[in-house]
Amino acid sequence: MKIAHVTAGAGHMYCGSCLRDTTLGAALRSAGHDIALLPVYTPTRTEDHEPDAPRIFLGGINVFLQEHFALFRKIPKRFDRVLDNATLLRLVTRHGVSVEPAHLGHMTVSMLQGLDGPVRKEIEELVRFLADEVRPEIVTLPNSLLISLAPAVKAALDVPVCCTLQGEDVFLDGLGEPYRGEALALIRRHAESVDRFIAVSEFGAGEMARCLGLDRDRITVVPLGVRFDGHERNGGTAEPFTIGYLARVSPEKGLDVLCEAYRRLRSRAGLPPSRVVAAGYLMPEGRRLLADVRKAMASAGLANEFAYVGEVDRQSKLAFLRSLSVFSLPAVKDDQKGLSVLEAMASGVPVVQPRRGAFIEILEKTGGGVLVRPDDPDSLADAILDLWQNPERRRALGDAAYAGVRAHYGADVMLQATLGVYRSLLGV
């Protein structure tokens with residue numbers, strides 16, 4: 001099977017959606033399929049530092065300039081190639097990129113206008129490359145924010161187009177009006193050119209159908225897949241008692257909720273030496289949050305019991321997970337993915353998660369953790385304390401996590417489900 005797999009780069013950030021897409025791409029290639037990864041906006045950062053794709057399409061600099069200055073929509077392609085250079089794009093994004101919806105409304109709408117908008121030239125170049133160089137049997141898009149590529153691909157190649165849905169509703173809801181309404185109208189219009197939508201969770205399928213006005217029958221659920229190489233059995237026995245957090249540092253992910261729960265936990269008698277360790281990309285919007293968390297921990301006399309270790313590559317992440325007793329990502333919004341939760345469980349670490357979003361189905365399938373009331377530091381603190389006081393339960397949950405993730409959320413499971421979708425579209 002020959003597959004063109006568009007991936008949306010996020011600069012220097014390890015992006016959960018990017019990791020999902022590149023894990024799937026690697027699995028498809030290992031299974032013998034011919035897959036072309038086409039990064040857009042910026043180079044796609046992978047945990048293994050794989051070589052760059054030969055070209056970046058819809059380069060972030062070009063998209064910005066063509067959106068704001070009509071002159072750049074007419075410059076020769078050789079100048080576009082200079083601005084789309086991977087090294088230049090890395091340099092520009094080295095201090096981080098903002099994904100705050102409130103700042104990106106106009107650009108989002110411009111991109112969704114597709115061939116009728118200011119980035120027409122860039123879309124035509126990508127489609128021309130697909131038609132002349134790749135000649136795929138099927139094209140996949142990483143999210144609905146790039147759905148404007150679908151009509152152009154269908155017109156030029158006449159092949160099935162899949163679009164993955166990975167929680168864009170949160171971004172769209174944050175755009176504000178009039179951008180949110182304009183973006184949704186454009187997505188719904190372009191949805192007619194998509195043959196099959198793929199959601200990463202049952203919860204996500206329902207949410208995205210509601211948000212985008214799609215018939216639920218057009219969406220197939222393909223659960224996230226985790227690579228298990230390097231994940232050693234932990235079981236929650238690490239000492240000192242360590243509560244881990246792995247996600248980008250931004251308000252919606254709940255690091256402040258976790259640290260508030262920890263402060264309440266430490267105010268109770270009997271808790272042994274313990275700590276909270278956080279890892280993940282520090283968003284520009286998250287710097288104030290991290291400063292506030294550190295200040296609050298210091299005010300409670302717990303400065304030495306909190307550490308932020310920064311972004312981690314794959315080997316550092318695996319070592320980080322091995323050091324944990326319990327994991328928690330107390331997101332304050334309904335998450336459709338929960339990749340880091342799955343990764344923690346892949347190392348046998350029991351998790352404590354709010355009863356919301358995809359976390360519910362993940363824990364119902366795996367049995368690898370505890371669900372607590374959302375946005376409730378006391379409920380979170382009670383569950384963590386119970387796991388400290390009951391090491392046998394902690395080990396049992398770690399065992400269930402380790403086995404459950406492998407049964408339901410392996411890269412091989414994701415691969416086979418994806419191939420089922422592709423084969424049904426191709427009639428093979």
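The values are calculated or read from the model by the stated rules, or taken from the named source; none is laboratory data. This structure is a prediction, so every number in the text was calculated from the model and none was measured. Backbone-built Cβ (ideal geometry, glycine too); neighbour counts: all protein chains shown.
Observations
- Of L324, L342, L289, L265, all but one fail to be in the same structural domain as D399 (by TED's automatic domain parsing), in a loop (DSSP other than H, G, I, E, B), among the aliphatic types (A, V, I, L, M) and touching a helix residue (DSSP H, G or I) at 6+ places or on another chain (Cβ under 8 Å); the exception is L324.
One line per residue, one yes/no per condition, for (1) closer than 19 Å to L112 by Cβ; (2) among the acidic types (D, E):
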{"residue": "G174", "(1), (2)": "yes, no"}
{"residue": "E177", "(1), (2)": "yes, yes"}
{"residue": "G181", "(1), (2)": "yes, no"}
{"residue": "I187", "(1), (2)": "yes, no"}
{"residue": "R196", "(1), (2)": "no, no"}
{"residue": "S201", "(1), (2)": "no, no"}
{"residue": "M208", "(1), (2)": "yes, no"}
{"residue": "D215", "(1), (2)": "no, yes"}
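- Subset of the stretch 385-417 [under 19 Å from G338 (Cα atoms), surrounded by 20 or more Cβ atoms within 10 Å (Cβ to Cβ) and not small (G, A, S)]: L397, Y402, V405, Y409, M414, L415
- The residues listed here are E311, E343; of these, the one that is closer than 28 Å to A396 by Cβ and within 19 Å of the chain's Cα centre (by Cα) is E343.
- Single match in A307, A298 (criterion: in a strand (DSSP E or B) and either outside the structural domain of L363 (by TED's automatic domain parsing) or over 27 Å from A199 (Cα atoms) (or both)): A307
- Contacts under 6 angstrom Cβ, first residue in the stretch 372-389 being under 13 Å from S325 (Cα atoms), partner surrounded by 15 or more Cβ atoms within 10 Å (Cβ to Cβ) and of a type in the set (D, E, K, R), 6 or more apart: L387/R394
- Candidates D378, D386, D399: the one that is acidic (D, E) and either over 21 Å from P272 (Cβ atoms) or assigned to a loop (DSSP other than H, G, I, E, B) (or both) is D399.
- Entry remark, the stretch 124-161: residues being small (G, A, S) and in contact with a Pro (Cβ under 8 Å, 6 or more places away or on another chain) number 0 in total.
- Candidates E311, E305, filtered to the one that is acidic (D, E), modelled with pLDDT of 95 or more and over 15 Å from E252 (Cα atoms): E305
- Taking the criterion of being more than 25 Å from E168 (Cβ to Cβ) and part of a helix (DSSP H, G or I), the only residue of the stretch 346-362 that qualifies is A346.
Residue-by-condition table, conditions (1) surrounded by 21 or more Cβ atoms within 10 Å (Cβ to Cβ); (2) within 25 Å of T366 (Cα to Cα):
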{"site": "S201", "(1), (2)": "yes, yes"}
{"site": "T220", "(1), (2)": "no, yes"}
{"site": "N234", "(1), (2)": "yes, yes"}
{"site": "R288", "(1), (2)": "no, no"}
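- Taking every residue in the stretch 285-301 that is more than 13 Å from E260 (Cβ to Cβ) and pairing it with any residue that is assigned to a helix (DSSP H, G or I) and not hydrophobic (A, V, I, L, M, F, W, C), at least 6 positions away or on another chain, the pairs with Cβ-Cβ distances below 8 Å are E285/P251; G286/P251.
To keep it simple, each residue is scored yes or no on (1) closer than 27 Å to T23 by Cα; (2) assigned by TED's automatic domain parsing to the domain that holds C18; (3) touching a Cys at 6+ places or on another chain (Cβ under 9 Å).
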site	(1), (2), (3)
Q113	no, yes, no
D116	no, yes, no
V119	no, yes, no
F129	yes, yes, no
T140	yes, yes, yes
L145	yes, yes, no
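- The combined condition, being surrounded by fewer than 16 Cβ atoms within 10 Å (Cβ to Cβ), part of a loop (DSSP other than H, G, I, E, B) and out of contact with any helix residue (DSSP H, G or I) (no Cβ under 8 Å at 6 or more places or on another chain), is not fulfilled by G230.
- Every residue from the stretch 135-173 that is part of a loop (DSSP other than H, G, I, E, B) and touching a residue at least 60 places away in the same chain (Cβ under 8 Å): R135, P136, E137, P142, N143, P160, Q166, G167
- Residues (of a type in the set (G, A, S) and touching a helix residue (DSSP H, G or I) at 6+ places or on another chain (Cβ under 9 Å)) located in the stretch 134-184: S144, S148, A150, A152, A155, A156, G167, G174, G176, A183
- Screening E207, E252, E232 for residues that are under 17 Å from the mean Cα position of the chain (by Cα), modelled with pLDDT under 95 and not hydroxyl-bearing (S, T, Y) leaves exactly one candidate, E252.
Residues are listed down the side, and each one gets a yes or a no for (1) charged (D, E, K, R); (2) part of a helix (DSSP H, G or I):
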| residue | (1), (2) |
| --- | --- |
| L175 | no, no |
| E192 | yes, yes |
| A209 | no, yes |
| L214 | no, no |
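- Residues (within 16 Å of the chain's Cα centre (by Cα), crowded, with 22+ Cβ neighbours inside 10 Å and farther than 13 Å from I123 by Cα) located in the stretch 143-166: S144, C163, T164, L165, Q166
- For the stretch 179-192, the condition of being modelled with pLDDT under 90 and either surrounded by 20 or more Cβ atoms within 10 Å (Cβ to Cβ) or not acidic (D, E) (or both) holds for none of the residues.
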